[in-house]
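Down below is the structure, laid out as structure tokens.
Every number in this text was worked out from the coordinates using simple rules, so none of it is lab data. Everything quoted here is computed from the prediction, not taken from an experiment. Counting neighbours? That spans all protein chains shown, and the Cβs are built from the backbone with ideal geometry, glycine included.
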Amino acid sequence: MEMALKSKSDATTNMPKRAKSSAKDYQTDRVTSSKEKVVNIIIFILLFAFAITMVFPLVYMVATSFMTKNQILSGSLTLFPNPILIGKYSQVLSKGQFISGIINTISVEIPVLLIGGFTSSLAAFAFAKMNFRGKNALFLALLATIMIPFAVVMIPQYVLFTKLGWTNSLAPLIIPGCFGNVGMIFFLRQNLYSIPTELMDAAKIDGCNYFEIYYKIFLPLMKGALGTQLMLWFMGIWNDYLAPTIFLRSEKHWTLQVVIRSFNSYYAIQSDYALIMAASVIAMLPTLVLFFLFQRVIIESIAISGIK
């Protein structure tokens, strides 16, 4: 009886202490939550400012494409031109040089994406699911080439392609790409690691050879990742400027970005910046539309590529 009374007395004595401790923890959590909110607001403001800074040149480029020459040269900054001039777009599209640039770029895109996508996926399958001597060392050597910037190898490539007679044609832009893309091989290899190897063992039991296993089983399973990588490669080829500038001398072989550069050097003298901006907007539209249409797929594919 005495022990029960004593324990009851101790519990009654400790109740105020527990209440004080709980109140103190609640105040601490409240202060921490308030600090987190302030930090999140500051981070949001900074990110929003950086986003506006990055997007503003793009928005101003679009606005400039609808301005008259006097509006552009007036020195006043405006995003809503008055009056709005839309004739520059039709003027750009009526130029044969611009259309020729689009055709040449597509002529590079189609064989590179079809053949290069096939060879890249085939190499990724070999590195992910096949066992052969020196596989890891070969893959690391292949991956190390990503670290070499194009500026380092462009002169040796130019000398080699000149001796082969490929310069001043689309061959230097097409043939190397048909052998595959290292970045695509890496991402597809990582994606294939998430597919069970037991499928390959079952296909071997059914009598399939390695190419049939790749074509009938693994290629359909990685078509989402392959499609995403092809879209990213399409954007890279479409926006490529340095390589076509080096290898293409004849105007009839110029790709789209080289044509826009020629517009810049010719029409900038005439202060016709609206036409240059209109050409840039048209050239930007395919990659921009592709990115916004498949943005979620691209992000998911890159996230999946990290699974081993």
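Just a few scattered comments:
- Its relative contact order, with pairs defined as Cα atoms under 8 Å and 6+ residues apart, puts the chain at 28 percent.
- Our note on the geometry: Cα centres of the range 236-251 and the range 89-125, 12 Å apart.
- Residues in the range 39-56 carry Karplus couplings, in order, of 4, 5, 5, 4, 4, 4, 5, 5, 5, 5, 5, 5, 5, 4, 4, 7, 7, 4 Hz; the curve used is 6.51 cos²θ - 1.76 cosθ + 1.60 with θ = phi - 60°, and Gly or Pro positions show x.
- Coupling constants for the range 274-291 follow from the phi torsions by the Karplus curve (6.51 cos²θ - 1.76 cosθ + 1.60, θ = phi - 60°), and in residue order they are 4, 5, 5, 5, 5, 5, 5, 5, 4, 5, 7, 4, x, 5, 5, 5, 4, 5 Hz; glycine and proline get x.
- Exposure proxy ranking for E212, E36, based on other Cβ atoms within 10 angstrom of each Cβ and starting from the fewest, stands as E36, E212.
- Taking the number of Cβ atoms within 10 Å of each Cβ as an exposure proxy, the fewest-first ranking of M235, M222 is M235, M222.
- Along the range 109-116 the Karplus relation, 6.51 cos²θ - 1.76 cosθ + 1.60 evaluated at θ = phi - 60°, assigns HN-Hα couplings of 4, 4, x, 5, 5, 6, 6, x Hz to successive residues, with x for each Gly and Pro.
- For N181, the residues whose modelled amide H falls within less than 5 Å of its own, excluding neighbours fewer than 5 places apart on the same chain, are S120.
- Net dipole in debye of the chain [+1 Lys, Arg Cβ; -1 Asp, Glu Cβ; about Cα centre; nearest 20]: 640 debye
- Tensor-based shape of the chain (alpha-carbon gyration tensor, a/c under 1.5 rounded, otherwise prolate or oblate): oblate
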